[in-house]
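Reviewing the structure listed below.
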DNA sequence: CGGACAACCTGGTTGC
DNA sequence: TGCAACCAGGTTGTCC
């Protein structure tokens, strides 16, 4: 119970996964296309992963924003020159669009001044978030980006694809679903929720799943993510959309950080343990 | 190659 | 009361 109680008050409980990144990207895509970028004010140097701080600031100035999208947990901003800006929020990162004169958070790491006296602001208490500015035609410098798995809400994510990838895995089902090479965009919250909806125990061996269990898992991943996108994500404490609003999916969570709470399906108290090095939550009666 | 795990960080909570 | 230890987790890097 200690973790549950303490989490309710802590500020690190924003965990941007696919639904949260999708919400931020789609809102930015409604607000940013056509806007001019004036430069970059870097308050925490580690935020800029590529290229150097100096080149980042000089190259982004004068660009015009064309479109904003998402790949896995990355926000992708297409710029007028053909350059791309990729942003990973990691644990506590958040993007807001605010008047340049609005009060700044103590955790502001990067401000990108735009026309019309507004700023795109990146706030990140724990400093894990990263920005990559890629020249036209340049590839992401991270090898892991090229090996990202299929988008779970697009056509390429089929039961067959999931079955093939699970068949090649050892270790636990939880670890397999957290691996961005297997399927892109899931994190700790939605893996636990999807496993609950599929009725599968997180410690199951991926190779042991029967065809109907794989089909149930495939459907559960899609349903949980779609509903969470519809709710604009999960806010435990600090996660906000670009308008500063909270998500609502925390009200639909079945097991994540619900240890001791009755299972919504059978009433058995939800269990908690560490699987794949992560806090993991499941119903000991419903999940086999 | 895959899997396990430390490191990166902060701040609220715990325990001495 | 004070303060060090602990903990959460997405991803990378290291090791076996």
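A short reminder: the numbers here are calculations on the coordinates, not readings from a lab. Keep in mind that this is a model prediction, so the values were computed, not measured.
Things worth noting here:
- Chain A, Cα convex hull volume normalised per residue, Å³: 126
- For the residues A:118, A:27, A:212, a GNM of chain A with alpha-carbon springs under 10 Å puts the largest fluctuation on A:212.
- DSSP bridge pairs, chain A: antiparallel proportion in percent, nearest 5: 95
- Most mobile of A:199, A:247, A:277 in a GNM of chain A (Cα contacts under 10 Å): A:277
- Counting only alpha carbon atoms, the long axis of helix A:188-198 and the longest principal axis of chain A meet at about 40°.
- Judged by the ratio a/c of the largest to the smallest principal axis of the C-alpha gyration tensor, the range A:32-146 counts as oblate, that ratio being 1.5 or greater while a/b is no larger than b/c.
- Principal axis analysis of the Cα atoms in the range A:140-187 yields extents of 30, 26, 18 Å, listed in decreasing size.
- What separates the Cα centres of the range A:27-91 and the range A:119-146 is a distance of 8 Å.
- Seen against the Cα atoms of chain A and their longest principal axis, helix A:211-230 is set at about 40 degrees.
- Stokes-Einstein, applied to the Kirkwood radius of the range A:159-282 over Cα pairs at a viscosity of 1.567 mPa s and 4 °C, places its translational diffusion at 87 µm² s⁻¹.
- Crossing angle, helix A:18-31 versus chain A [Cα axis fit, 0-90 degrees, rounded to tens]: 30
- Calculated [θ] (222 nm, deg cm²/dmol) that DSSP helices of n ≥ 4 give over chain A, each run adding -39,500 (n - 2.57): -8000 deg cm²/dmol
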